[in-house]
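Trainee: My structure is below; once you've seen it, I'll send some questions.
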Amino acid sequence: MPRPKTIRPYSLLLGGLLAIALVVLLIRGVAMQSDGQDKAQWEQAQNDLKILAETLSVYARETGGYPAKLDDLMARLGREVPRNPFNGQPYEYRLTSSGFSLVCLGKDETIGGALVPNADIAYTEGGLVVSEP
């Protein structure tokens, strides 16, 4: 009668290590995809704010002042005013004593993010104030 095969302990260890390595690689792939998407959203926000700041400058030259709200730019943009890609809300826009402030706080939505995608992006009537590529 043939003897049943015995599983050697190192075979179990090797199989377990391979399973762990596979899980780590899968998690890393998902994280890398998420990082790429976050960076793309940050770059979209940077581009949106640049276009909005330029449109605000044209608006001010033509009308003598800045609009009370970003939605007033719809006719000039020929489309809806873009929204923050991280939360779907309007970008932060305020009138200031010298002009305007236009801000995206990045993915973390807190002041002072140092690296993309958490870096803040801010424009005023003078141009880009804060942005970390």
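The values are calculated or read from the model by the stated rules, or taken from the named source; none is laboratory data. Bear in mind the structure is a predicted one, so any value in this text is a computation, not a measurement. Neighbour counts are summed over all protein chains in view; Cβ atoms, including those assigned to glycine, are modelled from backbone coordinates with ideal geometry.
Trainee: How many of the residues making up the range 66-75 are farther than 28 Å from GLU109 by Cα and either surrounded by 12 or more Cβ atoms within 10 Å (Cβ to Cβ) or modelled with pLDDT of 95 or more (or both)?
Mentor: Selection size over the range 66-75: 0.
Trainee: May I pose another question? Counting only residues that are farther than 11 Å from GLU125 by Cα and hydrophobic (A, V, I, L, M, F, W, C), which one in the range 53-74 is nearest to the chain's Cα centre (by Cα)?
Mentor: LEU70
Trainee: Among the listed residues GLY88, GLY78, identify the single one that is within 13 Å of the chain's Cα centre (by Cα), surrounded by fewer than 15 Cβ atoms within 10 Å (Cβ to Cβ) and more than 15 Å from THR124 (Cα to Cα).
Mentor: Of the residues listed, the single one that is within 13 Å of the chain's Cα centre (by Cα), surrounded by fewer than 15 Cβ atoms within 10 Å (Cβ to Cβ) and more than 15 Å from THR124 (Cα to Cα) is GLY88.
Trainee: Hey, among SER101, SER97, SER57, which residue is loosely packed, with under 14 Cβ neighbours inside 10 Å, of a type in the set (S, T, N, Q) and either in contact (Cβ under 8 Å) with a residue 12 or more places away in the chain or outside any helix (DSSP H, G or I) (or both)?
Mentor: That would be SER97, the only listed residue that is loosely packed, with under 14 Cβ neighbours inside 10 Å, of a type in the set (S, T, N, Q) and either in contact (Cβ under 8 Å) with a residue 12 or more places away in the chain or outside any helix (DSSP H, G or I) (or both).
Trainee: Separate question: Mind checking which residues of the range 104-122 are more than 17 Å from GLN89 (Cβ to Cβ) and either in contact with a strand residue (DSSP E or B) (Cβ under 6 Å, 6 or more places away or on another chain) or touching a residue at least 60 places away in the same chain (Cβ under 8 Å) (or both)?
Mentor: Passing the criteria: VAL116, ALA119.
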